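Peer 1: If you scroll down you'll find the structure; I have some questions about it.
All of the numbers you see were taken from the coordinates with simple rules; none came from a lab. Keep in mind the model is a prediction, meaning the values are calculated, not measured. Ideal geometry is used to build each Cβ from the backbone, glycine not excepted, and the neighbour counts take in all protein chains shown.
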Amino acid sequence: MRDASGNFSLLHRTCSLVVLLCFLHISVTFIYYVRNSDSRQTFVQNQQTPQVHRKLTEQRVTIEETRPPSLSNGTETERKLETCPDNPPQLVGPLRVEFSDPVTLDLVREQNPALQPGGRFKPKDCIAQQKVAMIIPFRNRDEHLKFWLYYMHPILQRQQLDYGVYVIIQDGDRAFNRAKLLNIGYAEALKEYDYQCFVFSDVDLIPMDDRNIYKCFNQPRHLSVSMDKFGFRLPYTQYFGGVSSLSKEQYLKINGFPNNYWGWGGEDDDIFNRFDRIAHTRQTMGRDGINSLSYKVVKVEKDQLFTKITVDVGKP
Ligand code: BGN
């Protein structure tokens, strides 16, 4: 009898322990599920249309830690408004960025009624902290451009920037000259408006988080430090390609960008080295840059979504 009751109490304790463990397991799973479903909701909420998009071609994305701004501006008529806050209230954080379903320019136009011709925008409830020109070097990448406009316009508006989008198209089929197109974008944008800040962006890069604000800081900033194509890390420490922002002063201080990198690669490394005292570029940057820029404007076209400037950059 004693053995039987001893066995029973052991069984009882074992069962209680199993029940307790099950309960613990269910609780942990439940808490984990609730947390996860919260973050899923954030993504859904950030989708810009009900359409589901998935990756089709190469997907390059950017993320960056953010930092409060400091530049300010304003005209007489704007004076009654307050300067926009450091942390724009409409930012939503992580974004779902996908490229599978095609996007049309008409759809993007429809979704961005507040844009002025040339892809220009100013927040209406506050004075933007900075006037920013978005410069995109371009040739034959219409699909990428549609996605860029589709994702970037809503983001830039939520970031409360006073901005314009400049797509600088290299005419002809000679070797592409990315850095020269960036210089041209700088020069052409300034002919239109008193921009204080320049964001130089490849057409195929979209930030995955709108807290990565496309504006200028007290140092030149590399905005695409974490791309999916590079496994969300820098391919090398000095990497400065993709998307970067420079204030007008910073840009002039380094004499803009080199004009003589034809074809793929190297120009971004040259730009990086302009910040570096021991760099080889220091020997050439004084005579090769915005001060030696020469080109011909072939055509300027204004779309609601962007200013398209076709240029003859010459030959290698
Ligand atoms: C580097 C390129 C960069 C490019 C990165 C990432 C050169 C210079 C060689 C002397 N640099 O190799 O321009 O952004 O790869 O793809 O080609």
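Peer 1: Hey, rough spin-label estimate for T83 and K253, points 7 angstrom out along Cα→Cβ, what's it come to in nanometres?
Peer 2: So the label points at T83 and K253 sit 1.9 nm apart.
Peer 1: Note down the nm distance, to one decimal, between modelled labels 7 Å out along Cα→Cβ at Q219 and at E192.
Peer 2: 3.2
Peer 1: Roughly how many debye, to the nearest 20, is the charge dipole of the range 105-312 about its Cα centre, given +1 on each Lys and Arg Cβ, -1 on each Asp and Glu Cβ, and no other charges?
Peer 2: 460
Peer 1: What does the charge count near D288 come to, summing +1 for each Lys or Arg and -1 for each Asp or Glu among other residues with Cβ under 14 Å from its Cβ?
Peer 2: +2
Peer 1: Moving on to the next point. Please work out the Cα center distance from the range 239-301 to the range 89-136, rounded to the nearest Å.
Peer 2: The distance from the Cα centre of the range 239-301 to that of the range 89-136 comes to 27 Å.
Peer 1: Let me ask another. If you take every residue apart from L246 with its C-beta less than 12 Å away from the C-beta of L246, what net charge results, scoring Lys and Arg +1 and Asp and Glu -1?
Peer 2: Net of charged neighbours comes to +4.
Peer 1: Using R₀ = 35 Å, calculate the FRET efficiency as 1/(1 + (r/R₀)^6) where r is the Cβ-Cβ separation of D171 and D228; round to 0.05.
Peer 2: Step by step, r from the Cβ atoms, then E = 0.65.
Peer 1: Give, as a single signed number, the net charge of other residues whose beta carbon lies under 13 Å from the beta carbon of K299, with Lys and Arg counted +1 and Asp and Glu -1.
Peer 2: Result for the neighbourhood of K299: -2.
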